[in-house]
Amino acid sequence: MRDEILDLKDCGKIAVMGGTFDPIHYGHLVAAETVRHRLGIEKVLFIPTGRPPHKNNRSVEHDEHRYLMTVLATANNPYFNVSRIEIDRPGLTYTIDTIQSLKKICSDETEIFFITGADAINEILTWKKVGELLKICNFVAVTRPGYDKISLMNNMKNVQKNYEMNLTFIEVPALAISSTDIRNRVIAEIPIKYLLPDEVEQYIMKFELYKTPFENKPFFTFINQKLHIVLTPKRFAHTQGVAGEAVNLAKVWGISVEKAYIAGLLHDCAKDFNEEETLRLCSEYDVELDEIIKRQIYLAHSFLGAALAEKEYLVTDSEILNAIKYHTTGRAQMSFLEKIIYIADMIEPNRPFYSGIDDIRKEAYKNIDKAVYIALKQTIDFNTEKNRTIHPLSILALNYYENHFKEELL
Ligand code: NAP
């Protein structure tokens, strides 16, 4: 529905439901309906985000798809509307701009509530013109079951020391559903039925949203389905990001995109085991661990990952296995595929921002050796600062790049 025909003048209380909605699901709908009912809200406006300032790099589905899915999902609730205000506004999307625009089409008496996930509200001090925003808008933090509400409330006490904030918490069990998990399921060809409205499911299928960069060959489906079981949703999403980035790099650097895809998918296949399980599997698959890895067991996942890729995911190609094996430490004289996985892991679009990521991203498509050198140096500096022992493979890799590409890298 177009904003110009949105009539909010007579509303005493309206709520804005802000989020990426990539895609919208029953968790969002139940949350909005619960808040509407509990707080006596007359209209809930779903506003899919445009270009959030904190997510410059994450790839989200096209604005128009997210908007239309939100329209489909909300069409049968007379209290719900969808607004294009954020996707149509040029530039970065700030909530203050949205609320100020809404105030212009509401009466002076209308109370505005902003509903969103608790994680976002936890970061509210970083939002643009937070003081002004908190004056003109009430906040509702909807939480998933098991959410650490105590630390959120403590953080909010800090906010309330400086600002007056009207905040309501509402726990919504249905929010156990998550958009990340739905996207992951589509990739792994696992049903999404009953997690979101049928219309949205049909839309996703019709436009083939959230698919892998390839036709889903049975072997890829086999890998994705197995990973979907053993990895956390966040790790699975990271894995997809690495596989996609590796494919893009492989195209640019002229190596096999299928090998890049498989290595990207499997690079972290052993990362979500606890220490006991990691040690058990290393012993079962004869993965030798040196003293440094034994003391810093998180390093074992790449070596174990290569063994699992071979034994459990039936990968026989030694280039792929080595790309998995050395993706954390790196090593001197890495193959092209090894470099690509090493770099894709550091720059994939879901990676939270860290200082230096833009330099590595820039070089990855121009001069891959320079990208590897910058990435190695940063990783070594970061781990030294954390008092971790640097693995000799990484030191040898750094020395190798410094000696062989000295002039080119300066
Ligand atoms: P997001 O990436 O879509 O969501 C972050 C987390 O909150 C996810 O777990 C998400 O679950 C959940 N979530 C998102 N929207 C929700 C909703 N309405 N109800 C329940 N759970 C929800 O969202 P975001 O980018 O953090 O932003 C959330 C809102 O805050 C947006 O409207 C955004 O514009 C605003 N914001 C403004 C500023 C600013 O003004 N500077 C900064 C940050 C955020 P699912 O993945 O399952 O949706």
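Brief remarks follow.
- If the condition is being surrounded by fewer than 17 Cβ atoms within 10 Å (Cβ to Cβ) and within 13 Å of the ligand (Cβ to nearest atom), then the range 75-95 contributes ARG89, GLY91, LEU92.
- Residue list for the range 102-130, restricted to those being within 13 Å of the ligand (Cβ to nearest atom), in contact with a helix residue (DSSP H, G or I) (Cβ under 8 Å, 6 or more places away or on another chain) and part of a helix (DSSP H, G or I): LEU102, ALA118, ILE121, ASN122, ILE124, LEU125, VAL130
- For the range 131-159, a residue qualifies if it is surrounded by 13 or more Cβ atoms within 10 Å (Cβ to Cβ) and polar (S, T, N, Q), and the qualifying residues are ASN138, THR143, ASN155.
- Residue pairs meeting the criteria (Cβ under 8 Å; at least 6 apart or on separate chains; first in the same structural domain as HIS327 (by TED's automatic domain parsing), in the range 255-268; second basic (Lys, Arg)): VAL257/LYS251; ASP268/ARG235
- Qualifying residues in the range 241-277 (those that are outside any helix (DSSP H, G or I) and under 21 Å from ARG361 (Cα atoms)) - the one nearest to the chain's Cα centre (by Cα): ASP268
- Test: residue in the range 30-46 that is farther than 21 Å from ILE192 by Cβ and in contact with a Leu (Cβ under 8 Å, 6 or more places away or on another chain): yes
- If the condition is being more than 9 Å from the ligand (Cβ to nearest atom) and either under 22 Å from GLU111 (Cβ atoms) or among the charged types (D, E, K, R) (or both), then the range 10-34 contributes ASP10, CYS11, GLY12, LYS13, ILE14, ALA15, GLU33, THR34.
- For the range 239-257, the set of residues classified as within 20 Å of GLU312 (Cβ to Cβ) and modelled with pLDDT of 95 or more consists of THR239, VAL242, ALA243, listed by residue number.
- From the options ALA188, ALA141, residue that is assigned by TED's automatic domain parsing to the domain that holds ARG51 and under 21 Å from the mean Cα position of the chain (by Cα): ALA141
- Any hit, the range 145-158, residues being part of a strand (DSSP E or B) and within 11 Å of the ligand (Cβ to nearest atom): no
- Residues that are over 20 Å from the mean Cα position of the chain (by Cα), closer than 14 Å to ALA250 by Cα and in contact (Cβ under 8 Å) with a residue 24 or more places away in the chain, drawn from the range 316-362: GLU319, ILE320, ALA323, PHE336, LEU337, LYS339, ILE340
- Residues in the range 50-74 that are modelled with pLDDT of 95 or more and within 15 Å of the ligand (Cβ to nearest atom): HIS65, ARG66, TYR67, MET69, THR70, ALA73, THR74.
- Any chance TYR365 is of a type in the set (Phe, Trp, Tyr), in the same structural domain as LEU321 (by TED's automatic domain parsing) and either crowded, with 20+ Cβ neighbours inside 10 Å or closer than 20 Å to VAL242 by Cβ (or both): yes
- Checking LEU227, LEU231, LEU196 one by one, the residue that is more than 16 Å from the ligand (Cβ to nearest atom), surrounded by 20 or more Cβ atoms within 10 Å (Cβ to Cβ) and aliphatic (A, V, I, L, M) is LEU227 and no other.
- Scanning the range 131-144 for residues that are farther than 12 Å from VAL172 by Cβ and part of a loop (DSSP other than H, G, I, E, B) returns a single hit, CYS137.
- Pick from the range 363-410, criterion over 29 Å from LYS251 (Cβ atoms) and not in a helix (DSSP H, G or I), ranking: nearest to the chain's Cα centre (by Cα): LYS386
The values are calculated or read from the model by the stated rules, or taken from the named source; none is laboratory data. These numbers were taken from a predicted model, which means no experiment stands behind them. Here Cβ is always computed from backbone atoms with ideal geometry, including for glycine, and neighbour counts include all displayed protein chains.
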